[in-house]
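To start, the structure itself, in structure tokens.
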Amino acid sequence: MFDIPSIASPSRVFSVGEINRLAREAMERHLPLSWVAGEVSNLKRYDSGHCYFTLKDETAQVDCVMFRQKVMLLGWQPENGMQVEVRACPTLYEARGRFQLNVEVMRRAGLGALYEAFERLKARLEREGLFDPARKRPLPRFPRTIGVITSPQAAALRDVLTTLKRRMSGITVLIYPTPVQGEGAGAKIARAVATASARAECDVLIVCRGGGSIEDLWAYNDEALARAIAASSIPVVSGVGHETDFTIVDFVADVRAPTPTAAAQLTSPDRVEMCEQLRSTQMRLGRSVKRALENRMQRVDYLAKCLVHPGDRIAHQMQHLTHLANRLCGGWRRYSEAQSWGIRGIARELHGARPDITALERARVELGRRLTDAARTRIDTTAARLGSIESHLKHLNPELVLERGYSIVTNAAGTVVHDAAQIAPGEELTLGFARGAAQAEVKSTRR
């Protein structure tokens, strides 16, 4: 069973710590997390928060430890002699070589079956649509009558009545007495709900009771009660147990309240709050009326000022007409004067712009004379320049140079020879004279 190869060696010697560790590892590996039922005994709680106890039955017992983190999640206190079910992992405490169970979850014996029945019923009713938010109805804001389904001896009834009296003492309360726990309590509560629905004497129903164990609250997990609430013609508020307690009634009711007192608060308006709202509304209404009256009084005063006697209105209009006539006459007079001054100014400008014919004639004659003198001077100057240019051209005429006995020497390519270095012996040259030309052959050159 314990698959530990190293143990197979007969020559190996283990320490006590090693053998305990190997045993613990093998045990934790091969024994799964399981539910174990038994009676609690030798329960010890330490300052660290850990709990140590023995779980026993008629044939055997086993040591158990439940560490602080798991104890804090219990929500109830285990005691010696309690029948419980624990979900635990078998292990070995190495330091003492002691077999024990490390407890993860603990519940009172029998609750497992109750929880399973609760979950099965909840799932089935949810599939049928009894928990659908769409079918749930809003609570009336100002109920005249509130029905309470609970035991007359229940502390929850006193809490509900006290809360309703404090919040709105004028609301009528009808009590439908029923047992809240015990054999057949669920069916009796269901009949009370059906009776209240048939009578239609109240505007909203409160189904409530105080807190308790799951067994104490089990009547509110009754299927007949759930169906009666779903079929009720009156909105139903569930106020069963404490905030952490959940029953089938909480899911099927139109509204779930965490406590009976909270259920009374949900179903009744707060008289103090409503009086405060009424005073606030009254003050706002008074201020609004006062402002409206003041605005209308100012409007009347304004309209009164606008009301004028017809004679006064005619006199005012005549005065205004006279004023407009005076303004018209004055404006026309000023316009006429401005136009007259404008005409005079234009006449002066035209008189000043009239040309002087005599002066213009004298200027024309003078300009003609000056033009003639300038043309004559320009012709003389141009003739002198042309004579000078002609003289220079004559000096530069090569034919005149040839007439003085000079000649032009060119080679076979027709290029003028300026230097003896440009020719060679035996080369033919052309000699150009003032009249005619001759061919010559170079015999020798000198520089």
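What residues of the stretch 52-77 lie in the reach of a label at Lys44, counting those whose backbone N is under 13 Å from a point 7 Å from the Cα along Cα→Cβ?
The answer is 52-54, 63-66, whose backbone nitrogens lie closer than 13 Å to the label point.
Between Phe251 and Ser213, what's the calculated FRET efficiency when r is the beta-carbon distance and R0 is 22 Å? Round to 0.05. Mind dumping the intermediate values first?
Working: r = 20 Å, r/R0 = 0.89.
The computed FRET efficiency comes out at 0.65.
Give me the mean projected area, in nm² to one decimal, of the convex hull enclosing the Cα positions of the stretch 251-394. Working shown, then result.
Details: hull surface 169.7 nm².
Over every viewing direction, the Cα hull of the stretch 251-394 projects on average to 42.4 nm².
What is the helix-to-structure angle for 185-199, meaning the angle in degrees between its Cα long axis and the longest Cα principal axis of the chain, kept from 0 to 90 and rounded to the nearest 10?
The two axes meet at around 70 degrees.
For Ala412 paired with Ala37, estimate the spin-label separation in nm (one decimal), with each label point 7 Å from Cα along the Cα-to-Cβ line.
For Ala412 paired with Ala37, the spin-label model returns 14.7 nm.
With the cut-off at 23 Å, report for the stretch 5-109 the share of all Cα pairs above it, as a whole percent. All intermediate terms of the calculation are to be shown ahead of the outcome.
Values: 1834 of 5460 pairs.
So the portion of pairs separated by more than 23 Å is 34 percent.
Excluding residues fewer than 8 places away in the same chain, name every one of the aspartates and glutamates whose C-alpha is closer than 12 Å to that of Lys70.
Within the straight-line limit of under 12 Å, Lys70 reaches these aspartates and glutamates: Glu104.
Given H placed 1.01 Å from N in the peptide plane, which residues other than close sequence neighbours of Glu104 have an amide H under 5 Å from its amide H?
Close amide H contacts, sequence-distant or interchain: Arg87, Ala88, Cys89.
Per 0.36 nm of contour for each residue apart, how much would the distance between Arg271 and Ser233 grow if the chain were fully extended, relative to their Cα-Cα spacing?
Numbers: separation 38, 0.36 × 38 = 13.68 nm, distance 2.70 nm.
Length gained, Arg271 through Ser233: 11.0 nm.
Restricting things to alpha carbons, tell me how big the stretch 114-273 is in terms of Rg and Dmax, in Å.
For the stretch 114-273, the Cα-based Rg and Dmax read 14.5, 46 Å.
Pull up the cross-link candidates among the lysines for Lys290, meaning alpha carbon to alpha carbon under 27 Å and not fewer than 8 places away within one chain.
Qualifying lysines at Cα under 27 Å: Lys305.
Shape of the stretch 87-177 from its Cα gyration tensor (a ≥ b ≥ c, root eigenvalues): rounded if a/c is under 1.5, otherwise prolate when a/b > b/c, or oblate? Numbers along the way, then the final one.
Values: a/c = 3.84, a/b = 2.18, b/c = 1.76.
Prolate shape, in that a/c is at least 1.5 and a/b is the bigger ratio.
Taking 0.36 nm per residue of separation and subtracting the Cα-Cα distance, what length does fully extending Glu25 through Val71 add?
Answer, rounded to one decimal: 14.1 nm.
Can you give me the angle between helix 16-30 and the longest principal axis of the chain, using Cα atoms only, in degrees from 0 to 90, rounded to the nearest 10?
That works out to roughly 80 degrees.
Per the Cauchy relation, a quarter of the hull surface: what is the mean projected area of the convex hull of the alpha carbons in the chain, in nm²?
Numbers: hull surface 382.4 nm².
With the hull built on Cα positions only, its mean projection is 95.6 nm².
Dipole of the chain, Cα-centred, from +1 at each Lys and Arg C-beta and -1 at each Asp and Glu C-beta, to the nearest 20 debye?
2960 debye
Farthest toward the dipole's positive end in the chain, which of Ala440, Thr162, Leu367, given Cβ charges of +1 (Lys, Arg) and -1 (Asp, Glu) about the Cα centre?
My answer, from the dipole projection, is Leu367.
How many angstrom lie between the C-alpha centres of the stretch 341-384 and the stretch 19-90?
139 Å
Values quoted throughout were computed directly from the atomic coordinates according to the rules given, and no laboratory measurement underlies them. This is a predicted model, so every value here is computed, not measured. All Cβ positions, glycine included, derive from the backbone under ideal geometry; neighbour counts span all protein chains shown.
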